[in-house]
1. Taking segment 76-95, which residues are assigned to a helix (DSSP H, G or I) and among the polar types (S, T, N, Q)?
2. Residues in segment 187-207: is at least one in a loop (DSSP other than H, G, I, E, B) and among the aliphatic types (A, V, I, L, M)?
3. For LYS125, indicate whether it is charged (D, E, K, R) and surrounded by fewer than 16 Cβ atoms within 10 Å (Cβ to Cβ).
4. If you take the residues of segment 297-323 that are among the hydroxyl-bearing types (Ser, Thr, Tyr) and in contact with a strand residue (DSSP E or B) (Cβ under 6 Å, 6 or more places away or on another chain), which of them is surrounded by the most Cβ atoms within 10 Å (Cβ to Cβ)?
5. GLY106 - would you say it is assigned to a loop (DSSP other than H, G, I, E, B), more than 30 Å from GLY248 (Cβ to Cβ) and modelled with pLDDT under 95?
6. When you check LEU433 against the structure, is it outside the structural domain of ASP309 (by TED's automatic domain parsing) and in contact with a Leu (Cβ under 9 Å, 6 or more places away or on another chain), yes or no?
7. State all residues of segment 433-468 that are acidic (Asp, Glu) and in contact (Cβ under 8 Å) with a residue 40 or more places away in the chain; if no residue qualifies, say none.
8. Counting only residues that are crowded, with 16+ Cβ neighbours inside 10 Å and among the hydrophobic types (A, V, I, L, M, F, W, C), which one in segment 140-184 is modelled with the lowest pLDDT?
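The values are calculated or read from the model by the stated rules, or taken from the named source; none is laboratory data. Every value quoted in this text rests on a predicted model; they were computed, and no experiment measured them. Cβ placement follows ideal geometry from the backbone for every residue including glycine, while neighbour counts extend to all protein chains displayed.
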Amino acid sequence: MMLRTVLVLMSFLACARAEESKPNILFLFADDMSWKTVRSLGSEDIDTPNLDRLAARGTTFTHAYNSGGWHGAICVASRTMLMTGRQLWRARDAEPRLNQDYVAKGRMWPQQIAARGYRTCFAGKWHVQADHKKVFGEIGHFRAGGMPKDGKNAYFRPVEGQPDPWSASDPAEGGYWAGGKHWSAVMADDFSTFLGGKDERPWFMYLAFNAPHDPRQSPQEYLDRYPLSRVQVPANFLPLYPHRAAMGAAKGLRDENLAPFPRTPFAVKTHRREYYAAVTYLDTQIGRILDELAASGAAANTYIFFTADHGLSCGEHGLLGKQNLYDASVRVPFIVAGPGVPSGLKVEAPVYLQDAMPTVLKLAGAEVADDVDFRDLRPHWEGKGKPREAVTGAYRDLQRMIECDGKKLILYPAVKVARVFDLAADPDEKTDLAGTPGGDALAAELFEELLEIQQETGDPLDLRSVFASLLSSPAGEKSR
């Protein structure tokens with residue numbers, strides 16, 4: 001009897017020690033933030049000292065992607081994929097029944113972590129068609145609709161030589177100032193509230209910032225850091241994108257209406273100034289979070305993830321949104337820091353931002369279900385990761401993309417247009433190789449790979465009949 005009691009006590013103590021050793025996980029999620037807007041990751045003249053120090057103490061995945069969306073709100077697709085672990089088209093098919101098939105069965109990402117004995121805390125933007133109150137144990141600031149209301153003066157501006165009707169620092173415009181305090185600062189406040197809780201369980205915090213999504217607002221001192229003389233027009237600037245109608249980016253697409261048509265250097269520089277200021281103010285709030293975590297007893301046993309739901313074109317190619325498949329829009333920053341994660345490492349292997357989902361599950365000691373389409377990233381920072389052969393992207397039935405080994409193919413099925421880029425030689429995607437013998441051969445090779453991945457991922461769009469020339473001859477003629 002005594003022996004049995006001792007064994008039970010030892011088992012209890014072992015379980016208690018295992019609970020204590022479970023790491024905390026802080027997931028910081030930006031919105032509309034292109035990979036190159038972290039100064040240490042790209043060549044932009046932008047101030048992000050806190051994200052730079054996070055990158056210096058952790059590992060950066062330099063080629064992290066979002067695979068697109070099934071309607072204009074790319075954030076919905078991105079976040080649905082993250083919460084379910086399902087790739088684009090499977091996530092779309094699951095979306096109408098998320099509450100029944102995922103939430104009710106405890107299959108959402110935070111629910112699986114909670115099942116391992118974690119506190120789960122959420123604040124900020126949701127934009128998933130499921131009941132967030134049943135997905136997380138603790139809720140901070142949450143606003144119905146998930147986004148700041150559009151500023152009435154924020155569209156089709158500015159026009160050079162005319163007064164600008166919009167002020168990005170004026171609280172009277174509402175948006176991020178609604179409620180009396182900038183929403184990025186409110187997120188840092190929510191972190192403090194969660195961290196100060198008395199619950200001693202390990203925690204998972206999902207802090208979903210709205211910034212730097214438009215309306216791109218920040219305090220005037222941050223705007224003042226970016227006079228127009230400091231802001232550069234992108235190297236791939238165009239007044240009008242030639243295929244904007246075919247890609248669904250004509251005047252009916254909200255994001256594209258933020259600046260006048262055709263684009264001007266003045267308008268693009270003004271929008272980039274506001275974008276940079278919003279990113280830098282976001283960085284300041286992340287600095288608050290990192291400092292408070294560092295001062296707490298939780299810091300040594302916490303993994304920190306920073307990424308964004310997708311990127312953004314802010315004047316690149318004459319575009320102002322994320323409903324396109326150029327790198328500014330599909331690539332995001334992705335930084336991981338924590339116990340055992342190498343400092344200053346940069347991993348160039350292509351990953352999806354939603355790979356965070358199985359990675360965090362593994363860190364929390366949870367199993368990854370067979371129907372999860374994404375991959376655990378830990379082998380990459382452990383030096384034994386196996387890179388994907390390619391990543392793909394899609395926007396509705398209007399665009400498809402594949403990147404493989406530094407080469408890229410973009411397709412516009414509605415007008416039978418194919419664009420081909422050598423990203424190693426042309427990282428700004430300025431020189432379309434379609435129509436050249438080498439470009440056509442490369443397009444045919446990438447197209448075959450794209451068709452295979454379409455089949456694997458359940459993409460319903462028939463590309464074979466539209467781009468038959470890519471199958472019939474490696475250097476065959478095709479429309480441009």
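1. Just the residues of segment 76-95 that are assigned to a helix (DSSP H, G or I), to begin with: 76-84, 88-95.
Matches in segment 76-95: SER78, THR80, THR84.
2. There is no residue in segment 187-207 that is in a loop (DSSP other than H, G, I, E, B) and among the aliphatic types (A, V, I, L, M).
3. Values: charged (D, E, K, R): yes; surrounded by fewer than 16 Cβ atoms within 10 Å (Cβ to Cβ): no.
Here the answer is no, as LYS125 does not meet what is asked.
4. So in segment 297-323, the residues among the hydroxyl-bearing types (Ser, Thr, Tyr) come out as 302-303, 307, 313.
Keeping just the survivors that are in contact with a strand residue (DSSP E or B) (Cβ under 6 Å, 6 or more places away or on another chain) gives 302-303, 307.
Working: THR302: 19, TYR303: 21, THR307: 26.
Among those that are among the hydroxyl-bearing types (Ser, Thr, Tyr) and in contact with a strand residue (DSSP E or B) (Cβ under 6 Å, 6 or more places away or on another chain), it is THR307.
5. Details: assigned to a loop (DSSP other than H, G, I, E, B): yes; more than 30 Å from GLY248 (Cβ to Cβ): yes; modelled with pLDDT under 95: no.
No; evaluated as a whole, the condition is false for this residue.
6. Numbers: outside the structural domain of ASP309 (by TED's automatic domain parsing): yes; in contact with a Leu (Cβ under 9 Å, 6 or more places away or on another chain): yes.
Criteria met by LEU433.
7. So in segment 433-468, the residues acidic (Asp, Glu) come out as 440, 445, 448-449, 452, 456, 459, 462.
The answer is GLU449, ASP459.
8. This residue is MET147.
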